[in-house]
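Working notes, beginning with the structure itself.
The values are calculated or read from the model by the stated rules, or taken from the named source; none is laboratory data. Not measured: the values here are computed from a predicted model. A quick note on method: Cβ atoms are made from the backbone with ideal geometry, for glycine too, and the neighbour counts reach across all protein chains shown. Just so you know, the surface numbers come from the protein's heavy atoms only, side chains and all, with ligands and any DNA or RNA stripped out. Shrake-Rupley method; radii C 1.70, N 1.55, O 1.52, S 1.80 Å.
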Amino acid sequence: MTAIDGSVLPAEAAARTSFWIRAHEWATTVDHKRLGLLYISSGLVFFLIAGLEASAIRAQLAFANNDLIGPNTFNRLMTVHGTTMVFFVGMPIFFGFGNYLIPLMIGARDLAFPRLNAFGYWLFLFGGLLFYFSWIGGDGLYGTGTAPDVGWFAYSPLTSPAFSPGNSTDYWILGIMVAGFGSTATALNFVATILCMRCPGMTLGKMPLFVWMMLVNGFLVLVALTPLTAAQVMLLFDRFLDSHFFDTQAGGSAVLWQHFFWVFGHPEVYILILPAFAVASEVTPVFSRKPIFGYEIMVAATTGIGFISLGVWAHHMFTVGLSGPVNTFFTASTMAIAVPTGIKIFNWLGTMWGGRIRLRMPMLWVCAFLFEFVIAGLTGVMLAVVPFDWQLSDSYFVVAHFHFVLIGGLLYNIFAGIYYWFPKATGKMLSERLGRWHFWVFVAGFNVTFGTMHFQGLLGMPRRIYTYDPGRGWDLLNLITSLGVILQAIGILFFLVNVLWSLRRGEDAGQDPWDAWTLEWSTTSPPPAYNFEKIPVVQSRRPLWDLKHPNDPDWRYE
Amino acid sequence: MGLLAGAAVLCATGVAMAEPTTGRPVFDQVSNMFQPVSVPAAKIRDLALLVLAICGGIFVVVGGLIAYTLIRFRARPGDEHREPPQVYGSSNIEAAWTIVPVIIVVVLFLATARTINELELKEPPESALQVTVVGHRWWWEFQYPEYGIVTANELHVPASTPDAPRPTFLWLESVDVAHSFWVPRLAGKTDVIPNRRNTLWLETAQPGLYLGQCAEYCGTQHAHMLLRVYVHTPEDFARWVEEQKAPEAEVASVAAGRDLFQRTACINCHAASGTVADGTFGPSLSHLMSRETIGAGVAMNTPDNLRAWIRDPQTMKPGVRMPDMKLADHEVDAIVDYLVTLR
Amino acid sequence: MTTASATPPAPAEWTLPSRGRVGMACLILTESAFFAIFIAAHLFYIGKSLNPPYARDVLELPVLNTICLLSSSITITLALRALRRGAVGTFSWLWLATILLGLEFLIGTGLEWYGLIYRDGLTIDTNLLGTTFYSLVGFHAAHVTLGLLMLSGTLLFVVLGWAGERDVERIDVLSWYWHFVDAIWVVVLTVVYVIV
Ligand code: HEA
Ligand code: HEA
Ligand code: CUA
Ligand SMILES: [Cu+2]
C-alpha cells in the first residue's frame, strides 16, 4: 500500500486503512453476493442469540418450581426467542441464500434492483437492532428491560395500552415492521430478477427448482407480509391514537387480530419452509447423481402449496370457538396441504431411488431432514384434526410440532445449504470430520429435546408457562428436554469451529467440488464481482451436465 | 431416546391411573388426555387414537422407505466415476403418490368432521347445570346463576348418572384479555375471550379432582392460573351447594378482624357475604375455607399461607393484581383469624 | 440415443419482461394486500359502533371527488398516448390536468374530513366507524398524495427537458401506480359509502 506521495506506509497503518476500506466496501456494497453473505452471517448471529435465550428458557424449565428466572424475564425471553427465530433468523438466512444464488443460477450478473437490495438488507438489520434495543432501551437493564412480553403472535387485547403499558410492545411492532419493509423489497427484487433477468435459453421450465421455489416464495412474501404490516399499523393506531380496532371495551373484536395475524402467520411458515425445500431440491439430485424426479409435478406442488397456504390460517384458531362449519372447512384446507407436501417428499425419494447416494455433509442433512419432516408434518396433520387440536393446541405438543418443522425442516436445510455452497462462496471446503460431529451431536440433541416435548403436551402441559408444580408427570420429561439442549449447543459449537477453521485451513474447493449441474458451479469460487465472464446460454435444466456429457445431453429428454 | 423415555413415562402414568375408582374422590395430578373421564374427552380420545394409528402407519411406511433407499442406493467404493441411469420421472408413479395421500386425507377429514359435529353443542340441554366462567388475570370466577353462588378457581360439578343424566354447560367470558379453559381429562380447551361468549360442555360419571389450567398466554402469571374441577356424586354436590348458599356464621371472637377487614381497602376488590365487602376485582372470599388452594393454585389454603399472602402477595405470585396492603403483623393475624372462619 | 440430433435446439428469440413493469406489478400486488386488511376491518365493523355518529347519518357519497379521480385515469392515459406520439406539449397539459384532478380529490377529502370532525364530531377515537373510516380513507389519501408528488416531479422534469419521450416506458410504469390508486378508490367507495 502506498501513500499519496508514493512512499510506503508503515505496515500497521496499512492494515488499519485496509480494514476501514474493507468495512466501507462491505457497508456500501450493492453486490448480491456480498449482501447474501451479510444476510446469512447476521442471521446466524441472531440465531446464536436466540439460541442462548432458548437455553435460558430451558434452564428455567428443567425443574419444577424453579426460580432461576422470574415470570417477567421468562415471558420476555420466550417472546424475543420466537420473534427472533422467525423474523431475524429464518427469513434473512434464506434471503441470503436467494440473494447469493438466484443470479448465479439464472446466469445473471446481479439482482434486478441492486440498490433496493442493499436497502432491504439494512432495513432488516436495523429492524433487528431496534428490536434488541428493547432489552436496554427505556427502563432497560434494570431488572428485565422493556423487551416485549406478549408472545410472538402478540394476541390482542394483551397488546392494548391498558394491559401492555410502556413501550415494550411498540418495539415488537416497529422492529418487525421495519424488517418487514426490507423483506417486501427483497421479495419484489427476487420476483423481478427471476422473471426479467434469466440468461438466454432459461425458460421458466428450465429454471433450477431452487429458483422456482424462491419465485413462489417471493409471491407469498408479497401477499402475506403486508397484511401483518397493516395489522401492526392498526395496533399502533390503537396504542397511540386511541382508535379501537382491537379494543374490546368499544365493541372491537379480539378475534379480528387473530385472523389478521394468522392470515400472515400461516403463509409465513411456508415462506420459511419453501426455501428449505429449495435447498433440498438442489442437494438431493446432485448427491444422488440423478436429475430431480418429476420436475413438473414438483413445480406444480410448490405452486399448490403457495396457493393453499393462503387459505388455512384459521387452523391456529380452532379453540377460539368458531362455528362448526368454519372449523370443518379449515380442517379440509389444512389437510389438503399434506398432499402437495407429500408429493415433494416422495419425489425426493424418487430422486434418491436408483441413484448412487453420496452421503457427504449436505446430503446427510437433507436425509435427516426427510425423517424429521415426515414426523413434523404428521404431527401437523394431527393438529389439523379439530377435536384433537382442542387438546393439543397451546400445549407443548404444538411447541414440539413447530420446532420439528422449524429445526428439522428449516435449520437442517440451512446447514445443508451452508455445507453445499460454502465452497462456492469462500473457495474452501468445510471439514467433513468436524461436520460429522456437528451433525450427529446436534441431531441427537434435537431429538432428545423436541421428541420428548410431544409427551409433555399429551400430559397437559401448556406452553408459555414459566414454572410448574411437581407431580404432574412433567418433571422427568422436562429435565430430559433441557438436557438435550446441551447436546444441541455442543453441536452448534462444532459448527462454529468448523466454519472458522475451514475459512483459514480448509481444503481448496476449486470451481465445482461436488460435480454439480447448475450454473453457479460454472464460475470460479468465489465468483468474480460480475459473476460470469460471458453470459451463459442454456439448453436444459442441467447445463453443466450437458457440458460434461456432450454425447448424452439433457435437452434430448426434457 | 427422548421418544422412548416419554413413552415410558406416559405408560407409567397411564397404568397408575387405570384402576377404576368409584365413589371416593381420586387425587391424581396427571392430566393425561388419554385417560378421559368425560364424554367429550372420551370422544376426542377415540378420534385421536384413530389419527395416531393412521399417522403412525404413514410414518412407518415412509420412514422405512427412506431408510431402505439410503441403504440400498448408497454409493459403494468404485462408484465415483460411474453415473446411475438418469431417470426423469414417471407419470404413473407420480399419480400414485398423489392419489393415495388424497384418499388418506379424505378418510381423516371425514372422521374429523363427524366428531366436530358430535361435540358441537351450542345451547345447554334441559337437564344441564349451567355455570358462567369468567377469566380474570390471573384467576377464575365461577358463577352458578341457578343457585346464586359465586366462587373462584375451584369448579364443583355433579357427576352424571345413567338414570339422572346431568351434563355441565359452561359459558365462557373474560373481563380483560384472552384466556383458555382447559381440563384435559374432561374436555378439550376453549378460549375465554373478552367481548365474546364461548361455550364448553362436559359430562362425567367419575367423581374426583381433575386438574387443568389456563392455556392461552395472558401475561405475567399465565403459569399460575390453575384450574381445579371437583366432580361430586349428586348427593355430595347438593351438600356443597347448600354449604355455599348458607350465610357465613358470625363468629364473635373474630369481630376485630372482621371490622378491620371492612375498614381496609380489601372491600374494594373482594366480596364476602355477611359484610359490606362487595368488590368484584378479586375473587369472592365467601366460604374461602371451602377452597383447597389460594391464588389460583400458587399455594395450599392454610392459615400460614393466607398470612403470607396477605402480607405480601407479590412474593408468592410476582405480578399479581393484588397489591401489598402494607398491614402490620397483628393486623394480618386478625384478618386471617377472621378469614379462616369463612367456611 | 445416438440417433437423436447432436445440435441443441437453438434458443428462440430471447425477450424478457421489463423489470420496471414487473417491479411495479409486485408493488401493486403487495399494496393490494395491505389495503385488503383495512377493507376487511371496515367491513367487519360495519354497524358495530356502540355510540354515534353512525355511518348512515354522517357519510355522504363524494360524487365530485369520485368523478375527478376517475377522470384523472383517462387524462393520464391520454397524456401517455400523446407522449408516445412525441407531442410533449399536449402531454404536459394532460399531465397537469391529471395532477389538478388529483389535487381536487385531496381537497375534497380534506373538506369532508373537516365537516366530519367539526360538525359531526367524528374522530378516529370516537367509535369503530371513526377508527376504520379514517384509517382506510386516510391511507388511500396518503397514496394519492404520494402519487401526486411523483406526478408533479415527472411534470417538472419534462417541462425542464430532463425527461421526455425517451422515458415513456418509465412514465408508463408510473401511470400504473396512479391507475392502482384509482382502482383502490372504487373499492373504498363501495365499502365505505355505498354499503352502509
Ligand atoms: C416451517 C414451518 C411449518 C410447516 C411447514 C408446518 C406445516 C404444517 N403445520 Fe404447522 N405450525 C408451525 C410451523 C409450520 N407448520 C408453527 C410455527 C406453528 C405454531 C405457531 C404458534 O402457535 O406459535 C404451527 C402450528 C400448527 C397448527 C396449529 C396448532 C395450534 O396452535 O393449535 C396446525 C393445525 O392444523 C398446524 C398444521 C400443520 C400442517 C397440517 C402442516 C403441513 O404442511 C404438513 C404437511 C406434511 C406432511 C403431512 C408430511 C409429509 C407427507 C406425506 C409423507 C404424505 C402422506 C401423508 C398424509 C396423507 C397425511 N401447524
Ligand atoms: C427457527 C425457529 C426456531 C428455532 C431454531 C428454535 C430453537 C430452539 N427453541 Fe424455540 N421457538 C420458536 C422458534 C424456534 N426455536 C418459536 C417461534 C417459539 C414460540 C414463541 C412464542 O411462544 O411466542 C419458540 C418457543 C420455544 C419454547 C417454548 C417457550 C414457551 O412456550 O414457554 C421453547 C422451550 O423449550 C423453545 C426452545 C428452543 C430450543 C431449546 C431451541 C434450540 O434448538 C436452540 C439451539 C441453539 C443453541 C443452544 C445456541 C447455541 C449457542 C452457542 C453454542 C453459544 C455460542 C455463543 C456465542 C459464540 C456468542 N422454543
Ligand atoms: Cu389466563 Cu393464561
Ligand atoms: Cu399454520
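What to note about this one:
- Label positions at A:ILE535 and A:SER41, each projected 7 Å from the Cα along the C-beta direction, are separated by 3.1 nm.
- Counting only other chain Cβ atoms within 10 Å of each residue's Cβ, the peptide A:493-503 averages 0.
- Among beta bridges that DSSP assigns inside the protein assembly as shown, antiparallel share in %, nearest 5: 70 percent
- Efficiency of FRET between C:ASP57 and A:GLN249 - r from beta-carbon atoms, R0 25 angstrom, step 0.05: 0.60
- Shielding of peptide B:284-293 by partners, expressed as the average count of other chain Cβ atoms within 10 Å per residue Cβ, is 0.
- Farthest toward positive dipole pole in region B:93-236 [+1 Lys/Arg, -1 Asp/Glu at C-beta], among B:ALA113, B:TYR230, B:TRP171: B:ALA113
- Legend: residues in region A:320-344 shielded by at least 20 square angstrom of accessible surface upon adding the remaining protein chains to the isolated chain (1.4 Å probe, heavy atoms) are A:VAL320, A:GLY321, A:GLY324, A:THR328, A:THR331, A:ALA332, A:MET335, A:VAL339, A:ILE343.
- Along each principal axis, Cα extent of region B:129-245, largest first, Å: 42, 28, 23
- Distances between every pair of Cα atoms in region A:453-558, grouped in 10 Å steps from 0 to the bin holding the largest one, split as 11, 22, 16, 14, 17, 16, 4, 0 percent.
- Working from label points 7 Å from Cα in the Cα-to-Cβ sense, the B:VAL60 to B:THR280 distance is 5.7 nm.
- Contact order normalised by residue count of region B:252-339, Cα under 8 Å, 6+ apart, percent: 28 percent
- Computed from protein heavy atoms with a 1.4 Å probe, the total accessible area buried between A and B is close to 8400 Å².
- Stretch gain in nm, segment B:LYS245-B:GLU120, where the contour uses 0.36 nm per residue and the Cα spacing is subtracted: 41.8 nm
- Kirkwood hydrodynamic radius (C-alpha pairs) into Stokes-Einstein, region A:350-488, 20 °C and 1.002 mPa s, D in µm²/s: 130 µm²/s
- In chain A, Cα pairs under 8 Å separated by at least six residues give a relative contact order of 16 percent.
- Helix axis angle, C:63-85 relative to chain C longest principal axis, alpha carbon, degrees: 20 degrees
- Neighbouring Cβ atoms from other chains, within 10 Å of the Cβ of residues in C:17-23, number 6 on average.
- Ordering of B:184-197, A:119-132, A:427-440 by packing [mean C-beta count within 10 Å, highest first]: B:184-197, A:119-132, A:427-440
- Considering only region B:129-245, percent of DSSP beta bridges that pair antiparallel, nearest 5: 65 percent
- Taking the Cα centre of region A:353-459 as reference, the dipole from Cβ charges on Lys and Arg (+1) and Asp and Glu (-1) amounts to some 760 debye.
- Förster-model FRET efficiency, 41 Å R0, B:MET300 and A:PHE307, C-beta, rounded to 0.05: 0.15
- Taken over the Cα atoms of region A:41-550, the convex hull encloses 143 Å³ per residue.
- Cα-Cα P(r), region B:212-343, percent of pairs per 5 Å interval: 2, 10, 17, 23, 21, 13, 9, 4, 1
- Restraint check, B:LYS122/B:LYS245; B:LYS189/B:LYS317; B:LYS245/C:LYS48; A:LYS344/A:LYS424, Cα-Cα greater than 31 Å: B:LYS245/C:LYS48
- Of the solvent-accessible surface of the protein assembly as shown, computed with a 1.4 Å probe over protein heavy atoms with every protein chain present, carbon and sulfur atoms account for 66 percent.
- For region B:289-313, the residues whose amide N sits under 16 Å from a probe point set 7 Å from the Cα of A:ALA64 along the beta carbon direction are B:297-300.
- In this rough spin-label picture, where each label sits 7 Å from Cα along the Cβ direction, the A:LEU483-A:THR524 distance is 5.2 nm.
- Within region A:477-558: Cβ-based charge dipole about Cα centre, in debye rounded to nearest 20 (Lys, Arg +1; Asp, Glu -1): 240 debye
- Mean residue ellipticity, 222 nm, helices only, chain C: the sum of -39500 (n - 2.57) across DSSP H runs of n ≥ 4, divided by residue count and rounded to 500, is -25000 deg cm²/dmol.
- Gain on full stretching of the segment that runs from B:GLN314 to B:GLN262 - 0.36 nm per residue minus C-alpha separation: 16.5 nm
- Å² of accessible area per residue within the protein assembly as shown, as computed with a 1.4 Å probe and no ligands counted: 38 Å²
- The C and A chains share an interface that buries close to 3300 Å² of accessible area, total over both sides, probe 1.4 Å.
- Computed across region A:154-220, the Kirkwood radius stands at 14.7 Å (inverse of mean 1/r, all Cα pairs).
- Nearest 10 degrees, 0 to 90: helix A:338-352 Cα axis against chain A principal axis: 30 degrees
- Residue (of A:TYR132, A:LEU222, A:THR518) at the positive-pole extreme of the protein assembly as shown, dipole from beta-carbon charges: A:THR518
- Charged side chains reduced to their Cβ positions (Lys and Arg at +1, Asp and Glu at -1) give region A:41-550 a dipole of some 1560 debye around its Cα centre.
- Residues listed by number, region A:411-431, amide nitrogen under 15 Å from A:GLU25 label point at 7 Å toward C-beta: A:426
- The three principal axes of the C-alpha atoms in the protein assembly as shown carry coordinate ranges of 104, 80, 69 Å, sorted with the longest axis first.
- Where the alpha-carbon atoms of chain B are placed on the principal axes, they occupy 97, 51, 41 Å, in descending order.
- Theoretical FRET efficiency, 1/(1+(r/R0)^6), r = Cβ-Cβ of C:GLU169 and A:LYS548, R0 35 Å, to 0.05: 0.30
- Once the chain from B:ARG197 to B:ALA96 is taken as fully extended at 0.36 nm per residue, the excess over their C-alpha distance is 31.7 nm.
- Cross-link partners of A:LYS428 among lysines (Cα-Cα below 24 Å; sequence separation of 8 or more within a chain): A:LYS33, A:LYS548
- Estimated purely from DSSP H runs of n ≥ 4, each contributing -39500 (n - 2.57), the mean residue ellipticity at 222 nm for chain B is -12000 deg cm²/dmol once divided by its residues.
- Estimated D of region C:43-175 in µm² per second, where Rh is the Kirkwood radius over Cα pairs and Stokes-Einstein applies at 4 °C, 1.567 mPa s: 78 µm²/s
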